[in-house]
Amino acid sequence: MTLWNQALCAAVVALGVCLASSGDAQQQANATSKVAAKHARKAAAPDFQPGLDQHALDVIKAACERLAAAKSMAFMAIVSYESPSRLGPPLIYSTKSEVIMQRPDKLRVITLSDGPRSEFYYDGKTMTAFSPAENLVAVSDAPPTIDDALKKAYDIGAIYFPFTDVIVADPYKDIADSLKIAFYIGQSSVVDNTTTDMVAYVTGDVFVQAWIGTEDKLPHRIDAVYLNDPARLRHVVALTNWVLDPPFAADVFVSSDASGAAHIAFERPDAVNAPGMKPPPKARPANPQ
């Protein structure tokens, strides 16, 4: 073999060694890169751990405190709830209620719905349910507080307002008694043309998502799903036109139009617990940690 051929063979062998070394190094680099990417994904997206997030609790508490501090309030509540259809997919029914209340013993709810108009009045002594289209009125003695009057209206007349948690004396207590999960979602600037903090929570057997004003600390939308409902039907309450602590004359909590209506018993109708219009079930409080 000539000196030239020997040199050429040595060069070829050296090149093969370099290529093999380079290939091994590239494979190691790729493996290292994959491991690093896997760790990065785990660090960026940790597994969700359900519990009570303090930020979410702070947002919820601030809204409840704002509502509880108001001596009187007025707002509009548009309630949409799903009901199963014969074809399977749910239908949506809606109501629009004009609400005014004055603590501790005054409430008026005038409701326009996908059906007859209804009116409810409570003046601290009696509660009145009036149906103008049928010109029928039901009157009952009432307890001395809004909370107790709402409970009695449901017990004896199946009257329930999906915005009840907004007008009770202690809104946070109604939530916290059976609060299991709460977490913060983020901010939205879409609902009610205002910036809101979005939170989600589970109280009792109800999953709730709420949009609460970042500045005004008032609820502007509440979505709820009953966890024990196999169809997962959605119930939505949009709350608008908020006015806190306005003055009200006493006569606005009494219906003058109902004075000439035919009286009927204040009792539960045949269609008890209509879909979407019943209060959420109360669960036992979770064991303290």
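The values are calculated or read from the model by the stated rules, or taken from the named source; none is laboratory data. On a predicted model such as this, the values are computed, not experimentally measured, just so you know. Cβ placement follows ideal geometry from the backbone for every residue including glycine, while neighbour counts extend to all protein chains displayed.
Remarks
- Residue selected from segment 200-232 under the condition outside any strand (DSSP E or B) and basic (Lys, Arg), by the criterion surrounded by the fewest Cβ atoms within 10 Å (Cβ to Cβ): Arg232
- Residue satisfying condition, being within 26 Å of Leu57 (Cβ to Cβ) and either among the charged types (D, E, K, R) or surrounded by 15 or more Cβ atoms within 10 Å (Cβ to Cβ) (or both), within set Val190, Val254, Val236: Val236
- Listed by position, the helices (runs of 4 or more DSSP H) contained in segment 139-188 that have at least 1 residues being touching a Pro at 6+ places or on another chain (Cβ under 8 Å) are 146-157, 164-167.
- Of all residues in segment 244-265, those that are of a type outside the set (Gly, Ala, Ser) and not in a loop (DSSP other than H, G, I, E, B) total 6.
- Residues satisfying the stated conditions in segment 124-167, i.e. out of contact with any Asp or Glu (no Cβ under 7 Å at 6 or more places or on another chain) and of a type in the set (Asp, Glu): Glu134, Asp141, Asp147, Asp148, Asp155
- Unmet requirement for Asp197, which otherwise passes all of (1) at pLDDT 95 or above; (2) part of a helix (DSSP H, G or I); (3) buried (at least 20 other Cβ atoms within 10 Å of the Cβ): (2)
- Matching residues in segment 64-95 - criterion: being surrounded by 17 or more Cβ atoms within 10 Å (Cβ to Cβ), of a type outside the set (Val, Ile, Thr) and in a strand (DSSP E or B): Met73, Ala74, Phe75, Ala77, Ser80, Tyr81, Glu82, Tyr93
- Any chance Ala70 is modelled with pLDDT of 95 or more and of a type in the set (A, V, I, L, M): yes
- Selection within segment 167-182 - buried (at least 18 other Cβ atoms within 10 Å of the Cβ), touching a helix residue (DSSP H, G or I) at 6+ places or on another chain (Cβ under 6 Å) and more than 17 Å from Asp205 (Cβ to Cβ): Val168, Pro171, Tyr172
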